[in-house]
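Chemist: Handing you this structure, nothing more for now.
None of the figures in this text is laboratory data; all of them are computed from the coordinates on show. Please read these numbers as outputs of a predicted model, since none were measured by experiment. Every residue, glycine among them, receives a Cβ derived from its backbone with ideal geometry; neighbour counts consider all protein chains shown.
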Amino acid sequence: MTRFAIKGIDPVLFRDVELIVRLFFEEVQLTETDDRADFQLEFTLDESEAIEVRVTLTADKVQWSAEHVRSIEGCTGEKEIRKRMKQAISYVLVQVLERATGIEQPWGILTGVRPTKLFHTLLQKGNSLQEAKRLLEQEYLLHPEKTQILEEIIRRQLTVLPDFYELDKEVSLYIGIPFCPTKCAYCTFPAYAIGGRTGSVEGFLAGLHEEIAAVGAWLRTRGLPVTTIYFGGGTPTSISAEQMESLFQQLKSHIPDFGQVREWTVEAGRPDTLDEEKLALMKRWNVDRISINPQSFKEETLKVIGRHHTVEETLRKYQLARQMGLNNINMDLIIGLPGEGLETFAETLDVMRELRPESLTVHTLSFKSGSVMTQNKEKYRVAGREETREMVRMAREWARDQGYVPYYLYRQKNILGNQENVGYAFPGEESLYNIIIMEERQTIIGLGCGAVSKIISPVSGRLSRLPNPKEPKAYIDTYRRHIKEKLAKLDEAYGITPVGH
Ligand code: SF4
């Protein structure tokens with residue numbers, strides 16, 4: 001535990017200080033006065049003409065100082081000024097902590113999940129791509145390697161979704177199937193062993209059929225087209241081919257202009273759930289993309305993380321999917337899995353070179369609260385900051401050499417080395433859904449277990465979230481109430497007065 005004593009700012013700002021400090025130290029404690037603290041932080045603030053912040057960091061009689069002036073031009077109210085104040089505090093903090101620890105923060109003062117969203121906001125405010133990049137480097141302290149990848153991503157997004165800034169005229173659907181053959185150690189998704197006792201698969205599917213019919217009817221009356229449909233979970237292909245087909249049929253019957261949906265993805269993450277019958281079914285139904293996720297090509301790692309399938313099985317199922325004619329396959333990799341370093345990652349990339357999936361998402365391991373791995377963190381040996389950074393760089397160069405382009409990016413809390421997750425694809429094979437969910441450009445209606453509806457009101461632009469129950473048993477017991485609530489919330493967001501009001 002690293003202790004910080006803070007002077008000179010209102011304790012309500014401690015949370016913002018903590019967000020930055022945690023980029024450098026794993027466990028921290030912030031207090032107002034503590035003579036025994038490892039670090040003393042002293043701020044002076046002046047808000048008269050502009051926001052002027054100065055900070056001094058003291059540890060063992062060594063001092064580091066930084067100062068920054070942030071203009072309040074264009075601020076429309078107290079909230080905006082507060083935001084700039086937080087930015088200014090973060091700015092000086094990153095500077096002194098980088099010097100004191102020798103750790104560089106490639107994402108500067110950004111601690112949020114979606115740096116690309118900020119880039120789009122800067123563009124919508126009238127900045128050019130170059131100006132937006134410059135602002136991110138100067139005002140937010142991003143390293144050029146990060147602004148460069150952001151620029152490439154933004155360009156791709158605007159190419160594959162030419163109506164990017166008008167996507168709120170349509171919606172997307174996310175369908176959550178909460179079953180998996182077994183539960184992986186790092187998983188925090190709503191995923192329940194299909195053979196377990198968490199509620200019947202049949203009962204869950206009956207509810208999901210009703211939900212599809214109800215949402216379909218709502219879309220039809222509102223005249224809203226569907227941009228993308230995404231089956232996630234869990235592992236959707238854990239259910240039988242017959243059950244899958246019946247769901248597809250339900251979508252076709254109830255979703256307006258089903259044939260016009262721009263993209264349809266089914267996650268087939270775990271190769272142990274795939275067989276010829278399910279692959280043929282997805283081909284016949286023109287599923288655009290599937291995802292087969294090796295996570296690692298090292299047998300030992302798969303065992304450690306609890307994915308009860310073998311490397312050989314991944315390769316076999318991948319070839320089978322190819323033979324069955326599926327021609328847009330995504331693969332997910334994770335950098336920094338326990339026991340894996342630069343050498344293993346290089347081997348993984350060699351296998352990927354042979355497979356050439358149309359797209360791949362390169363995740364950096366994050367210790368998510370609630371996962372088995374996080375609860376037993378000390379048992380797992382994972383790569384350090386520098387090695388992680390090197391692997392991220394390696395993935396990027398490898399992807400470029402192989403002809404992939406980056407097209408979406410997001411960050412997570414407690415991610416190794418404060419890095420990021422990046423989606424790469426061959427040009428034209430990008431997942432539209434991944435872009436839409438990350439950039440929060442349109443309403444995504446969530447159906448099924450653990451699905452969160454993210455409703456963006458085209459009237460106010462406000463985003464509201466409405467989760468479905470995570471657990472199958474709870475879903476079965478309450479789905480009718482949830483359907484009602486969801487449609488009411490959608491009506492409200494779309495400015496529709498329900499009948500009888
Ligand atoms: S396959 Fe995916 S959803 Fe299922 S348990 Fe593993 S990580 Fe979780």
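Chemist: What list do you get for Glu440, Glu32 if you sort them by fewest beta carbons within 10 Å? Don't jump to the answer; show the numbers that get you there.
Modeler: Details: Glu440 15, Glu32 10.
Fewest-to-most ranking of Glu440, Glu32: Glu32, Glu440.
Chemist: Full extension from Arg322 to Val12: what is 0.36 nm times the residue separation minus their Cα-Cα distance, to one decimal in nm? Mind showing how you got there, number by number?
Modeler: Values: separation 310, 0.36 × 310 = 111.60 nm, distance 5.55 nm.
Answer, rounded to one decimal: 106.0 nm.
Chemist: Under 14 Å Cα to Cα from Lys117, which aspartates and glutamates show up? Leave out anything in the same chain fewer than 8 places away.
Modeler: The reachable aspartates and glutamates, counting only those whose Cα sits under 14 Å from Lys117, are Glu151, Glu152, Glu439, Glu440.
Chemist: Can I ask one more? Measure nothing but the geometry: give the 0 to 90° angle between the long axis through the Cα atoms of 241-254 and the longest principal axis through the Cα atoms of the chain, rounded to 10°.
Modeler: 80
Chemist: In addition: Note the full-extension length gain between Glu299 and Thr76 as 0.36 nm times their separation in residues minus their Cα-Cα distance, in nm to one decimal. Numbers along the way, then the final one.
Modeler: On the way: separation 223, 0.36 × 223 = 80.28 nm, distance 5.64 nm.
Stretched fully, the Glu299-Thr76 segment lengthens by 74.6 nm.
Chemist: Before anything else, pin down the relative contact order of the chain: Cα pairs under 8 Å, at least 6 apart, normalised by residue count, whole percent.
Modeler: On the way: 933 pairs, mean separation 71.0, N = 501.
It comes to 14 percent, rounded to a whole number.
Chemist: 5 Å is the cut-off here: which amide hydrogens, built 1.01 Å from N in the peptide plane, fall below it relative to Ser453, excluding neighbours closer than 5 in sequence?
Modeler: Result for Ser453 returns Gly446, Leu466, Asn468.
Chemist: Sticking with this one: Taking a Cβ-Cβ separation under 4.7 Å as the criterion for a possible partner, which cysteines of the chain have none?
Modeler: Cys75, Cys180, Cys449
Chemist: Spelling out what I want: for every residue of segment 391-400, take phi, set θ = phi - 60°, compute 6.51 cos²θ - 1.76 cosθ + 1.60 (Karplus), and round to whole Hz; glycine and proline get x.
Modeler: 5, 4, 5, 4, 4, 5, 5, 4, 4, 5
Chemist: Further, regarding this structure: Take the Cβ-Cβ distance between Arg222 and Ala100 as r, set R0 to 60 Å, and report the resulting FRET efficiency rounded to the nearest 0.05. Intermediate values should be presented prior to the final figure.
Modeler: Values: r = 55 Å, r/R0 = 0.92.
It comes to 0.60.
Chemist: A follow-up question, please. Please work out the FRET efficiency for the pair Lys169 and Gln63, using the Cβ-Cβ distance as r and a Förster radius of 56 Å; give the result to the nearest 0.05. Walk me through the numbers on the way to the answer.
Modeler: Details: r = 56 Å, r/R0 = 0.99.
Computed FRET efficiency for Lys169 and Gln63 comes out at 0.50.
Chemist: Once amide H atoms are built 1.01 Å from N in the peptide plane, which residues 5 or more positions from Ile335, or in another chain, come under 5 Å H to H?
Modeler: Amide H neighbours of Ile335, under 5 Å, 5+ apart: His363, Thr364, Leu365.
Chemist: Mind pulling the angle between the C-alpha long axis of helix 201-222 and the longest principal axis of the chain? Nearest 10 degrees, somewhere in 0 to 90.
Modeler: The helix 201-222 is inclined about 80 degrees to the chain.
Chemist: Between the helical axis of 115-124 and the dominant principal axis of the chain, each derived from Cα atoms, what acute angle in degrees is found, rounded to the nearest 10?
Modeler: With both axes taken from Cα atoms, the answer is about 80 degrees.
Chemist: Taking H placed 1.01 Å from N in the peptide plane, check which residues at least 5 places from Ala193 or on another chain put their amide H under 5 Å from its amide H.
Modeler: Result for Ala193 returns Cys180.
Chemist: Output the antiparallel fraction of DSSP beta bridges having both residues in the chain, as a percent to the nearest 5. Intermediate results must be reported in sequence, preceding the final value.
Modeler: Working: 32 of 70 bridges.
Roughly 45 percent of the DSSP beta bridges within the chain come out antiparallel.
Chemist: Mind listing the phi-derived Karplus ³J(HN,Hα) values for segment 429-446, rounded to whole Hz, using 6.51, -1.76 and 1.60 with θ = phi - 60°, and x for any glycine or proline?
Modeler: 10, 5, 8, 5, 4, 4, 5, 4, 5, 6, 8, 6, 9, 8, 5, 10, 8, x
Chemist: Continuing with this model, one more query. Once label points are set 7 Å from the Cα along Cα→Cβ at both Ser460 and Gln148, what is their separation, rounded to one decimal in nm?
Modeler: Going by the 7 Å Cα→Cβ label model, 4.3 nm.
Chemist: Related question: Compute the Rg to Rh ratio over segment 2-103 from the alpha carbon atoms, using the Kirkwood formula for Rh, and round to two decimal places. Could you put the intermediate results ahead of the total?
Modeler: Values: Rg = 13.5 Å, Rh = 13.9 Å.
Rg/Rh for segment 2-103 comes to 0.97.
Chemist: Please report Met282, Met394 as a ranked list, fewest other C-beta atoms within 10 angstrom at the top and most at the bottom. Present the calculation step by step, with values, prior to reporting the outcome.
Modeler: Numbers: Met282 27, Met394 16.
The most exposed by this proxy come first: Met394, Met282.
Chemist: Please state, as a whole number in µm²/s, the translational diffusion coefficient that the Stokes-Einstein equation yields for the chain at 37 °C and 0.692 mPa s, with Rh defined as the Kirkwood radius across alpha carbon pairs. Please report the intermediate quantities before stating the final value.
Modeler: Values: Rh = 24.5 Å.
Reported coefficient: 134 µm²/s.
Chemist: Compute the Cα gyration tensor for segment 81-235, then decide on rounded, prolate or oblate, letting a ≥ b ≥ c be the square roots of its eigenvalues: rounded whenever a/c is under 1.5, prolate when a/b is larger than b/c in the other cases, and oblate in all that remain. Don't skip to the answer; put the middle values down first.
Modeler: Numbers: a/c = 2.99, a/b = 1.61, b/c = 1.85.
Verdict is oblate for segment 81-235.
Chemist: Mind scanning Lys169/Lys473; Lys317/Lys454; Lys83/Lys454; Lys183/Lys489; Lys86/Lys454; Lys413/Lys454 and naming the pairs with a C-alpha gap bigger than 30 Å? Intermediate values should be presented prior to the final figure.
Modeler: Working: Lys169/Lys473 35 Å; Lys317/Lys454 33 Å; Lys83/Lys454 24 Å; Lys183/Lys489 33 Å; Lys86/Lys454 27 Å; Lys413/Lys454 20 Å.
Distance filter (> 30 Å) returns Lys169/Lys473; Lys317/Lys454; Lys183/Lys489.
Chemist: For the chain, what is the calculated [θ] at 222 nm in deg cm²/dmol (nearest 500), taking -39500 (n - 2.57) for each run of four or more DSSP H residues and dividing by its residue count? Provide the component values of the computation, followed by the final result.
Modeler: Details: 15 runs with 198 residues, N = 501.
For the chain, the value works out to -12500 deg cm²/dmol.
Chemist: Hey, another quick one. When a footprinting reagent is the concern and you count Cβ atoms within 10 Å, what order do Tyr186, Tyr407, Tyr165 take, fewest first?
Modeler: Values: Tyr186 23, Tyr407 28, Tyr165 12.
With the sparsest Cβ surroundings first, the list reads Tyr165, Tyr186, Tyr407.
Chemist: What FRET efficiency comes out for Glu276 versus Gln402 if R0 is 41 angstrom and r is the Cβ-Cβ distance? Round to the nearest 0.05.
Modeler: 0.90
Chemist: Once fully extended, how much extra length lies between Lys484 and Gln130, figured as 0.36 nm per residue of separation less the alpha-carbon to alpha-carbon distance? Please list the in-between numbers first.
Modeler: Details: separation 354, 0.36 × 354 = 127.44 nm, distance 4.66 nm.
Contour length minus Cα-Cα distance gives 122.8 nm.
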